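Everything below concerns the one structure shown next.
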Amino acid sequence: MTFTQQIITILMVVLGTMLTRFLPFVIFPANKPTPKYIQYLGRVLPSAVFGLLVIYCLKNVSIFTGSHGIPEAISIALVIFLHLWKRQMLISIAGGTVCYMLLVQFIF
């Protein structure tokens, strides 16, 4: 990359970051109520993203080869338990990830 290309790249990254940070405050000012569809998206998107994450993580698991999906099943059970117990998505995801990594590194 030439020096000019590096400067242009940095400027584009700064512009993209600033745009994504400031645009919500411009579109939804504090003195106006938030539209109903944005409130709806705020309620349903976290669960949808969590569901997509589960499907993405399990798409290549085969119960007929390797560890037969046992580490995945144990980790999923831990995620469910942690989420029902603490109701914190970050703790649930982190706990399941740590559990899975420990299982595949040291046991399976």
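Readers should treat all values here as calculations from the given coordinates under stated rules, not as data from a laboratory. As the structure is a prediction and not an experimental result, all values here were calculated from the model. Cβ: placed from backbone, ideal geometry, glycine included. Neighbour counts: every protein chain shown.
A few points about this structure:
- The range 14-60: C-alpha gyration tensor shape, a/c 1.5 cut-off, then a/b vs b/c: oblate
- Model label sites at PHE81 and THR9, defined 7 Å from Cα along the beta-carbon direction, differ in position by 4.6 nm.
- Classified by the C-alpha gyration tensor, the chain has an oblate form. Its axis ratio a/c, with a ≥ b ≥ c, is 1.5 or above, and a/b does not exceed b/c.
- Of the peptides 43-50, 99-106, the ranking by mean beta-carbon count within 10 Å, highest at the top, reads 99-106, 43-50.
- Across the range 44-87, the convex hull enclosing all Cα atoms gives 60 Å³ per residue.
- On the basis of the beta-carbon distance and an R0 of 35 Å, LEU19 and VAL49 show a calculated FRET efficiency of 0.95.
- Calculated mean residue ellipticity, 222 nm, the chain: -25000 deg cm²/dmol, from DSSP H runs (n ≥ 4) at -39500 (n - 2.57) each, averaged per residue and rounded to 500.
- Cα-projected label distance for LYS36 with LEU102, points at 7 Å along beta-carbon direction, nm: 4.7 nm
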